[in-house]
């Protein structure tokens, strides 16, 4: 990315997990979540290079302006995606009422070109088990 005065290449791998009890309800909303995340990223000018969603975790590799803190990106994606999912999937509102949140509290941020599989494995192990 660039503007008239500077050039930059700031890329992050961001990983977070849904609450394990969401199960099939989460996988049923996978396409909707992808649309929501693309919309949020477009609005905030985060350029998605890859996006993976499965029952265990969400992984986004994206480019951002260097003035944006990685924790702010994560907070934006987790909070806004939860709000939009709760609005559009009534069954998730019921789950949310019992669990208090759709996402686990933790997350992983990495700045390398490729996501370290061992780092991801350890993150998931620590967070979920």
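The values are calculated or read from the model by the stated rules, or taken from the named source; none is laboratory data. Keep in mind it's a predicted model, so treat the numbers as computed, not measured. Note that each Cβ is placed from the backbone with ideal geometry, even for glycine, and that neighbours are counted across all protein chains shown.
Below is a table of values for the structure above.
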item: Which numbered condition residue 57 misses (of (1) modelled with pLDDT of 95 or more; (2) surrounded by 14 or more Cβ atoms within 10 Å (Cβ to Cβ); (3) touching a strand residue (DSSP E or B) at 6+ places or on another chain (Cβ under 8 Å)); result: (1)
item: Selected residue [over 14 Å from residue 11 (Cα atoms), out of contact with any helix residue (DSSP H, G or I) (no Cβ under 9 Å at 6 or more places or on another chain) and loosely packed, with under 13 Cβ neighbours inside 10 Å] from 42, 67; result: 42
